[in-house]
Amino acid sequence: MTGFLLRRLGQSLLLLWLVSVIGFAVLHLAPGGPLAEFTLTPGMTAAELKRIAHQMGLDRPLPVQYWEWFRRMVVGNWGRSYRDNQPVLWEIGARLPATLELMISSTLIAVLLGTWIGVLGAVRRYSIFDSLATVGAMIALSIPTFWFGLVVIYIFSVLLGWLPPGNLHTTGNSSFLNYAWHLIAPATVLGLVTVAIWSRYMRSSMLNVINQDFVRTARAKGLPQRVVLLRHSLRNALLPMIAIAGLQLPTLLGGALVTETVFTWPGMGRLFLDSIGYRDYPVVMGILMLSALMVIGSNLVADILYAVADPRIRLR
Amino acid sequence: MTAAEPVLQVDGLRVRFASDAGAVAAVNGISFALDRGETLALVGESGSGKSVTSLAVMRLLPPPPVCEVGGRISLAEAEGGVRDLLALPEEAMCRVRGDRVSMIFQEPMTSLNPVLPVGEQIAEAIRFHRAASRRVALAAATDLLERVGIPEPRKRLGSYAHHLSGGQRQRVMIAMALACNPEVLIADEPTTALDVTVQAQILELLRRLQQETGMAVIFITHNLGVVAEIADRVLVMYAGRAVEEAEVATLFRRPLMPYTAGLLASVPRLPEAGCKGREGVRFAAIPGTVPDPLALPSGCSFHPRCVHAKPGLCDSEVPDLEDAGPGHRVRCRRWRAIDGS
């Protein structure tokens, strides 16, 4: 186990470094730059621009800029935002809770709903429910998140007026219910794709399990259907889902980006988009590194959980 | 209750599976009776319907429309009378399964749940059928493991299937099946996946447990060596029908159905003393293969492979099961002629 963790740690660090190099390169290769906003300032001269660029260290060769950023990053100094001069970590820290709130709640929706749909679809294979779930998943996977978000806002906020069109909570009202009320639409929109994916994987995993010999053994013992399904089948069918859950995080992060923008959700995803627009390199790099860390970390956790949940697996 | 009353009686059991090419009759009217404490062997090639018969008794076949089961399966009640298992609602059937009739399977590795400790899996049936607490059920599971010859049973409670050897796994399966002292145990090729030496141990164990508990056993196998060792009576199946039924000694001494004779002849034997090496020894085989259940031959299903088949007689009608002696029934139009020759 220790050997496994050390090896995975080494691999993760290498991966993070690669992400940082590629991210940095792509970001600086994109046309435009953080100086673009200054060019519109009245009375700005080329010499003045050059001075600012020099001050920000942007006139140095890219590898040098990277090295300067990198050596500070590893010791926890992630720099300051070009936009408002706040520390990057502080900026991210202020936005992360909203994103986590959205991601966790949509994951809960996705896992609970997706498991239920998948299990029922497998148990009643080819039934009307199963067909509807299959078609529904296809539709859910085909709908672009931004469009679905707008439709939800149009129907439930504009036409019906049941749900707020965006934001974390009503200003001046920070009760739990108010937060939950604001969360319903964005969490559902973000969870939709994951529900679809999760229910499809769950269905095939469950189908795979309920035709196995040990399920027949469980039934031969006289156990009622409910026990056979939950204790013997679902438990086995959920094992491969742990890995799927680990792999779902990037999808979720990408979806959060869009959902937060549509629902004016003050989260990390929107900060990321805004910062890209401003070419706010330190903030973009900071969010990139944090996201990569989350994805790599969740996969590691999935691997460890896998070994905990399945007695046949020993990590080496 | 009289001892002569069978504990389980199957009458005219039919099983049909729906398939894209039409309904497949896997079992075509099987009848047999099982006395208390008796071992009945169901023998036949793959596809003869012996496993389907046992799954039908357990009501473990898929529900209609995939699979249609007809006939009567009567289980004797303690207070007299019988109960038709095929007419029971699923809930009542759950209380019969694993309690009064239980089953062990061919492949002990895949038949055990890989992520539950074996102790839990044995205790489960006791907890459900006897409404016992977890602690009581686990204590009972320890006793059961000891009875089936697992060393250090208390330690083994927490083991998983992958910790055990093939023979031990089958012992665990047997412990699980015996958890509630069933009146009938169905053993579906329980030794096929095991080494020969382990096979003998498992057979010995089953025989011993049967003597201790007085349960009746339906033993499904294609291995006639195993039949000779464990069975009291044999039912030979071919293409979903019973073709011969007899006491084991009678069957081995005087097989009447040409198919049974062929099966017996195909058992490999060591060359006679004095024979030179392995040369010249060939396995006797029954020519041809098991017929396609979608296109069964007319008349006797076995006639295309039968050396005694007579055109016009064997291919016209399905022969009846005829009495050929005490407890000996055979489905062959020509058994008298063959027996006399």
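The values are calculated or read from the model by the stated rules, or taken from the named source; none is laboratory data. Everything quoted here is computed from the prediction, not taken from an experiment. For neighbour counting, all protein chains shown are included, and Cβ atoms are generated from backbone atoms with ideal geometry for every residue, glycine included. These area figures cover heavy atoms from the full protein model, side chains too; ligands, DNA and RNA do not enter into them. Shrake-Rupley method; radii C 1.70, N 1.55, O 1.52, S 1.80 Å.
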Requested in this report: Kindly report the accessible area of the protein assembly as shown per residue (heavy atoms of protein chains, probe 1.4 Å, no ligands, DNA or RNA), in Å².
Outcome: 49
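Take the solvent-accessible surface of the protein heavy atoms, probe 1.4 Å, and return the percent of it on region A:2-74 that carbon and sulfur atoms account for. Write out the running numbers ahead of the final one.
On the way: 3580 of 4990 Å².
About 72 percent, which is the carbon plus sulfur part of the accessible surface.
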Query raised in the report: With point charges of +1 on the Cβ of Lys and Arg and -1 on the Cβ of Asp and Glu, referenced to the Cα centre of region A:1-93, which listed residue (A:Thr45, A:Leu9, A:Asn77) lies farthest in the positive direction of the dipole?
Result: A:Leu9
Query raised in the report: How much length, in nm to one decimal, is gained on full extension between A:Arg60 and A:Leu9, taken as 0.36 nm per residue of separation minus their Cα-Cα distance?
Result: 15.1 nm
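Which value, to two decimals, describes the C-alpha radius of gyration of region A:258-307 once divided by 2.2 N^0.38 Å?
Values: Rg = 13.9 Å, N = 50, 2.2 N^0.38 = 9.7 Å.
Computed over Cα atoms of region A:258-307, the ratio equals 1.43.
Could you sort A:163-174, B:130-141 so that the peptide with the highest average Cβ count within 10 Å comes first and the rest follow in order? It would help to have the intermediate numbers written out before the result.
Working: A:163-174: 14.4, B:130-141: 16.2.
Top of the packing list down: B:130-141, A:163-174.
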Query raised in the report: Mind checking the angle between helix B:118-130 and chain B's longest principal axis? C-alpha axes, 0 to 90 degrees, to the nearest 10.
Result: 90
Report task. Calculate, for A:Asn178 and A:Phe146, the FRET efficiency according to 1/(1 + (r/R0)^6) with r their C-beta to C-beta distance and R0 22 Å; round to the nearest 0.05. Result -> 0.30
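Where a ≥ b ≥ c are the square roots of the eigenvalues of the C-alpha gyration tensor, would you call region A:2-74 rounded, which needs a/c under 1.5, or, failing that, prolate if a/b is larger than b/c, or oblate? Can you show the working numbers first?
Values: a/c = 4.31, a/b = 3.15, b/c = 1.37.
Judged from the Cα gyration tensor, region A:2-74 comes out prolate (a/c at least 1.5, a/b above b/c).
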Query raised in the report: Which percent, to the nearest 5, of DSSP beta bridges fully inside chain B are antiparallel?
Result: 65
Query raised in the report: Which of the aspartates and glutamates could be linked to B:Lys310 by a straight reach, that is with a Cα gap under 13 Å, when you skip same-chain ones fewer than 8 residues away?
Result: none
**Report entry** Hz values of 3J(HN,Hα) by residue in region B:218-231 - Karplus curve (6.51, -1.76, 1.60), Gly and Pro given as x
**Finding:** 9, 10, 9, 7, 10, 9, 6, x, 5, 4, 4, 7, 10, 8
Report task. Can you tell me the FRET efficiency between A:Ala25 and A:Leu108 if r is taken as the Cβ-Cβ distance and R0 is 35 Å, rounded to the nearest 0.05? Result -> 0.40
**Report entry** Assigned charges on the beta-carbon of Lys, Arg, Asp, Glu; chain A dipole about Cα centre (debye)
**Finding:** 1360
Query raised in the report: Non-local amide H neighbours of B:Cys67 (under 5 Å, H modeled in plane, Pro and chain starts lacking H): which ones?
Result: B:Ala18
Requested in this report: Let me have the 222 nm mean residue ellipticity of chain A computed from DSSP H runs of 4+ only, each contributing -39500 (n - 2.57), with the sum over all residues rounded to the nearest 500.
Outcome: -24500 deg cm²/dmol
Report task. Take B:Gln201, project a point 7 Å from its Cα along the Cβ direction, then tell me which residues of region B:123-158 have their backbone nitrogen under 13 Å from it. Result -> B:148-152
Query raised in the report: Does anything in region A:53-88 have its amide N under 15 Å from the 7 Å Cα→Cβ label point of A:Thr39, and if so which residues?
Result: A:53
Query raised in the report: Can you list residues whose amide H is under 5 Å from B:Ile104's amide H, if they're 5+ apart or on another chain and H is modeled 1.01 Å from N?
Result: B:Ile186, B:Ala187, B:Asp188
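Would you work out the Kirkwood radius for region B:208-265? I mean one over the mean of 1/r across all pairs of different Cα atoms, in Å. Write down the numbers at each step before the final one.
On the way: mean 1/r = 0.0819 Å⁻¹.
Evaluated on region B:208-265, it is 12.2 Å.
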Query raised in the report: Which order do peptides A:290-300, A:265-275, A:97-107, B:96-106 fall in by mean Cβ count within 10 Å, highest first?
Result: B:96-106, A:265-275, A:97-107, A:290-300
Query raised in the report: Hey, what's the per residue convex hull volume over the C-alpha atoms of the protein assembly as shown, in cubic angstrom?
Result: 255
**Report entry** Between 0 and 90°, nearest 10: helix A:128-142 axis offset from chain A longest Cα axis
**Finding:** 10
Report task. First measure r as the distance between the Cβ atoms of A:Leu305 and B:Val115, then evaluate 1/(1 + (r/R0)^6) with R0 = 22 Å and state the FRET efficiency to the nearest 0.05. Result -> 0.95
Requested in this report: Treating cross-link reach as a plain straight distance, find the aspartates and glutamates whose alpha-carbon is under 13 Å from the alpha-carbon of A:Lys50, omitting any fewer than eight places away in the same chain.
Outcome: A:Asp59
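Chains B and A: what accessible area do they bury, summed, in square angstrom to the nearest 100, with a 1.4 Å probe?
Values: alone 16270 and 17810 Å², together 31980 Å².
Heavy-atom accessible area buried at this interface is about 2100 Å².
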**Report entry** Estimated inter-spin distance, A:Asn167 and A:Tyr154, nm [label 7 Å along Cα→Cβ]
**Finding:** 2.4
Report task. Enumerate by residue number the chymotrypsin sites (Phe, Trp or Tyr not before Pro) in region A:98-167 meeting two conditions: DSSP loop (anything except H, G, I, E, B), and at most 13 other Cβ atoms within 10 Å of the site's Cβ. Result -> A:Tyr126, A:Trp162
Report task. Compute the normalised compactness of region A:96-309: alpha-carbon radius of gyration over 2.2 N^0.38 Å, N being the residue count. Result -> 1.16
Query raised in the report: Distance in nm between label sites at B:Ala23 and B:Arg208, each 7 Å beyond Cα in the beta-carbon direction?
Result: 4.8
Requested in this report: Determine the sum of side-chain charges near A:Pro224: Lys and Arg each +1, Asp and Glu each -1, restricted to other residues whose C-beta is under 14 angstrom from that of A:Pro224.
Outcome: +4
Report summary line: Accessible-area loss of at least 20 Å² in the complex relative to the chain alone (1.4 Å probe) applies, within region A:192-234, to A:Asp213, A:Phe214, A:Arg216, A:Thr217, A:Arg219, A:Ala220, A:Lys221, A:Gly222, A:Leu223, A:Pro224, A:Arg231, A:His232
Report task. Mark the label point 7 Å from the Cα of B:Asp11 along Cα→Cβ and return the residues of region B:319-339 whose backbone N is within less than 18 Å of it. Result -> B:321
Requested in this report: Kindly write out, for region B:146-162 in residue order, the coupling ³J(HN,Hα) from the Karplus curve 6.51 cos²θ - 1.76 cosθ + 1.60 (θ = phi - 60°), rounded to whole Hz, with x marking Gly and Pro.
Outcome: 5, 5, 8, x, 8, x, 6, x, 4, 5, 6, 3, x, 6, 9, 3, 6
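To the nearest 20 debye, what charge dipole does region A:2-74 have about its Cα centre, counting +1 at the Cβ of each Lys and Arg and -1 at the Cβ of each Asp and Glu? Before the final figure, lay out each step's value.
Details: 7 positive and 4 negative charges, 76 e Å.
Magnitude of the dipole: close to 360 debye.
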Report task. Provide the per-residue ³J(HN,Hα) series for region B:56-72, in order, calculated from phi with Karplus coefficients 6.51, -1.76, 1.60 and θ = phi - 60°, each as a whole number of Hz, with x at glycine and proline positions. Result -> 5, 4, 7, 6, 9, 7, x, x, x, x, 4, 9, 10, 10, x, x, 9
Report task. Under a 10 Å cutoff between Cα atoms, tell me which one of B:Thr221, B:Thr250, B:Thr39 has the largest fluctuation in the Gaussian network model of chain B. Result -> B:Thr250
Query - Pair A:Glu68, B:Leu88: separation of 7 Å Cα→Cβ label points (nm) - result: 8.2
Query raised in the report: Rule-of-thumb check for chain B: C-alpha Rg over 2.2 N^0.38 Å?
Result: 1.05
Requested in this report: Enumerate the aspartates and glutamates that B:Lys155 could reach by cross-link, defined here as Cα to Cα under 18 Å, with residues fewer than 8 away along the same chain left out.
Outcome: B:Glu120, B:Glu124, B:Asp143, B:Glu146
Query raised in the report: Where is the GNM fluctuation largest for chain B (alpha-carbon springs, 10 angstrom cutoff): B:Gln211, B:Gln170, B:Gln121?
Result: B:Gln211
